[in-house]
Amino acid sequence: MGGAVVDEGPTGVKAPDGGWGWAVLFGCFVITGFSYAFPKAVSVFFKELMREFGIGYSDTAWISSILLAMLYGTGPLCSVCVNRFGCRPVMLVGGLFASLGMVAASFCRSIIQVYLTTGVITGLGLALNFQPSLIMLNRYFNKRRPMANGLAAAGSPVFLCALSPLGQLLQDRYGWRGGFLILGGLLLNCCVCAALMRPLVAPQPAGAPGPQRPARRLLDLSVFRDRGFVIYAAAASIMVLGLFVPPVFVVSYAKDLGVPDTQAAFLLTILGFIDIFARPTAGFITGLKKVRPYSVYLFSFAMFFNGFTDLTGSTASDYGGLVVFCIFFGISYGMVGALQFEVLMAIVGTHKFSSAIGLVLLLEAVAVLVGPPSGGKLLDATHVYQYVFILAGIEVLTSSLVLLLGNFFCIRKRPEASQPEEATSEAERLHKPPTDVRVDSREVEHFLKAEPEKNGEVVHTPETSV
């Protein structure tokens, strides 16, 4: 399946690494914040929804699950839309969908209607914003791309710290319906961010025709031929199984140890505060000239650090131990968040990134839906929170080993120093005149007399003729 790309980055255009790219970075920061924080922020309305519709907590939890499933699972659909219509139009439509879903949800009369509006429509709208914003960030930044990815990823903890208390305030003052209506209006800012995503245009001389863009597939499945992409996708899918489990259970873990509710909830604030500074710092370090070639190994270390933190967190026996766990988990979690898409960009390149990220998000969607529920089932069976943290740590550690060993043994490149020598020897071999071929002078003279001219140009020497 093929089609033209409207907003494809023009070939040969150098990434600005600044200029209007800072506006694109700001838009990506806002979009990332809404996309990752919104599914968690709506949980403050769950008690009101339970009272309104007479349902249980598990029923309301499906709202966040559907939002995350749409954000991850519609990755290939977003790739097709971006490759067909371009980033800016897709994001404008996504912003309208995200807002429309929350506004419509404020008029719902059943929980099923809330699933369809807040879960499906708003989730689809956020997905249509999140993926194109990363694609545009990849086009505008090259040398400073790791730092740009780290700053954009910081939108997630910043917005989580802002949207959760805002949601509580709106619920207390206007009820859940009024809160949903106002949040719907707030999501229209996604359209403003979409307007910032100005496509790069190659400068053309006056009167010169525009460059012809080659047709490309709407969903480029050839990325699966890249061993680096396959290893990355496998490692990322395994990582997501355990990455989101500790933040879900750490508050309940603290309460199980006898910690008061307010102090237990403060653990997530600590984690988010550390995460805000960890992501830009990790992006800045990755962008250093001597570090950037080893970004894959740094990402593997971040996953290993996160998994090891989960294992050590399972030994916490008091509130102080959980505080230390949240500090180190925030650091490792921020490193993973800042590096995951930077490493994918480095592996597949700019032109295949739109398809690659969609396919990776689809694979991660399955893991997102399996990971936390599997931890919950383990908790129901054992009633021991330590086992949940141990399971999450083992899964993340496994993903780091898959990426590290796969990169080391399967996708290491040959030394590039030998390539120019091979190319030079090949060129010399092609242009070196044959030594074993004799040319008869009479044949050359006959040839010159027979065809003195060719296509209007006089041929002066036997070498250029033959």
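For this structure, a couple of remarks:
- Within the option set LEU404, LEU378, being part of a helix (DSSP H, G or I), at pLDDT 85 or above and surrounded by fewer than 22 Cβ atoms within 10 Å (Cβ to Cβ) holds for one residue only, LEU404.
- Extreme residue, nearest to the chain's Cα centre (by Cα), among residues of the stretch 381-401 that are open to solvent by 70 Å² or more (accessible area, probe 1.4 Å) and among the aliphatic types (A, V, I, L, M): LEU401
- Screening MET335 against (1) outside any helix (DSSP H, G or I); (2) surrounded by 19 or more Cβ atoms within 10 Å (Cβ to Cβ); (3) not aromatic (Phe, Trp, Tyr) leaves a single unmet condition, (1).
- Residue satisfying condition, being in contact (Cβ under 8 Å) with a residue 60 or more places away in the chain, under 20 Å from LEU363 (Cβ atoms) and surrounded by fewer than 21 Cβ atoms within 10 Å (Cβ to Cβ), within set LEU77, LEU71: LEU77
- For beta carbons closer than 6 Å, sequence separation of 6+ or different chains, a first residue in the stretch 326-343 that is touching a residue at least 24 places away in the same chain (Cβ under 8 Å) and a second that is among the aromatic types (Phe, Trp, Tyr), the qualifying pairs are SER332/PHE305; LEU339/PHE299; VAL343/PHE299.
- Selection status of ARG88, in a helix (DSSP H, G or I) and in contact with a strand residue (DSSP E or B) (Cβ under 7 Å, 6 or more places away or on another chain): no
- Of the helices (runs of 4 or more DSSP H) lying entirely inside the stretch 94-176, those carrying at least 2 residues that are open to solvent by less than 30 Å² (accessible area, probe 1.4 Å) and within 16 Å of SER35 (Cα to Cα) are 122-140, 145-153.
- Only one entry of PHE34, PHE53 meets the criterion of being over 17 Å from SER133 (Cβ atoms) and either in contact (Cβ under 8 Å) with a residue 40 or more places away in the chain or open to solvent by 20 Å² or more (accessible area, probe 1.4 Å) (or both), and that entry is PHE53.
- Which listed residue, of SER252, SER295, SER317, SER222, is buried (at least 16 other Cβ atoms within 10 Å of the Cβ) and touching a residue at least 60 places away in the same chain (Cβ under 8 Å): SER295
- Test: residue in the stretch 345-360 that is open to solvent by less than 10 Å² (accessible area, probe 1.4 Å), over 18 Å from LEU219 (Cα atoms), part of a helix (DSSP H, G or I) and of a type in the set (A, V, I, L, M): no
The values are calculated or read from the model by the stated rules, or taken from the named source; none is laboratory data. Keep in mind that this is a model prediction, so the values were computed, not measured. Counting neighbours? That spans all protein chains shown, and the Cβs are built from the backbone with ideal geometry, glycine included. Accessible surface areas use protein heavy atoms only, side chains included; no ligands, DNA or RNA. Shrake-Rupley method; radii C 1.70, N 1.55, O 1.52, S 1.80 Å.
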